[in-house]
Amino acid sequence: MTEPTIDWTAQQHTALQCSIAGGGKPGLARPEQLAGKSGREILEGMMSGELPYPPMNETMNMTLLEVGNGRAVFQGIPLPQHYNPLGTVHGGWFATLLDSVLGCAVQTTLPAGRSYTTAELSINIVRPASHKTGPLRAIGTLIHSGRQMATAEARIEDETGKLYAHATTTCFVFDVPAA
């Protein structure tokens, strides 16, 4: 039996609409909205619309689709506004999508009161993309989570499984400063 094909563009649209229907909009969460929530709960709150999602998601045309323990999935659809002067998607678009999914994979494992920031990001773009490429999905997976450092890896693929980029990160993990 063949797996039914999922329309990735429709799935991204549905995920964004779910957030908006739940009251979500781009912005920054207030400290009191985040207090007592684990990293995964914060991400789930963004997906449900309970918490605002990063404004950058609209600029980059990307959406958080899934979170699990040590795993996150983002999807982006490259547009002409993401092009470099040579007519392909700028490396910064790939970097943003990868940094986001890698960080969120780390964030899913953090307890309430802990946060992270990227300390190192290593990216390999293995093929160019354009607006004709269609949706590209980034899947991030935690490798290690320690008290002060965490590492993760990610891949960006198209709907056929063709690899466009891969990356690793090291994140600095810290206590959230008191409000």
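Scanning the stretch 132-147 for residues being surrounded by fewer than 15 Cβ atoms within 10 Å (Cβ to Cβ) and more than 16 Å from Cys171 (Cα to Cα) gives a total of 2.
Are any of the residues in the stretch 92-106 at pLDDT 95 or above and surrounded by fewer than 16 Cβ atoms within 10 Å (Cβ to Cβ)? The answer is yes, given that some residue of the stretch 92-106 is at pLDDT 95 or above and surrounded by fewer than 16 Cβ atoms within 10 Å (Cβ to Cβ).
Condition check ((1) modelled with pLDDT under 95; (2) touching a helix residue (DSSP H, G or I) at 6+ places or on another chain (Cβ under 9 Å); (3) surrounded by fewer than 14 Cβ atoms within 10 Å (Cβ to Cβ); (4) not in a loop (DSSP other than H, G, I, E, B)) across all residues:
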{"position": "Glu44", "(1), (2), (3), (4)": "no, no, no, yes"}
{"position": "Glu66", "(1), (2), (3), (4)": "no, yes, no, yes"}
{"position": "Phe74", "(1), (2), (3), (4)": "no, yes, no, yes"}
{"position": "Leu110", "(1), (2), (3), (4)": "no, yes, no, no"}
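Scanning the stretch 15-42 for residues that are closer than 18 Å to Met62 by Cβ, of a type in the set (S, T, N, Q) and either surrounded by 14 or more Cβ atoms within 10 Å (Cβ to Cβ) or within 16 Å of the chain's Cα centre (by Cα) (or both) yields one hit, Ser19.
The residue list Arg127, Arg71 contains one member that is among the basic types (Lys, Arg), without any contact (Cβ under 8 Å) to a residue 40 or more places away in the chain and out of contact with any Pro (no Cβ under 7 Å at 6 or more places or on another chain), which is Arg127.
The values are calculated or read from the model by the stated rules, or taken from the named source; none is laboratory data. Just so it is clear, the structure is predicted and the values come from calculations on it, not from any experiment. Counting neighbours? That spans all protein chains shown, and the Cβs are built from the backbone with ideal geometry, glycine included.
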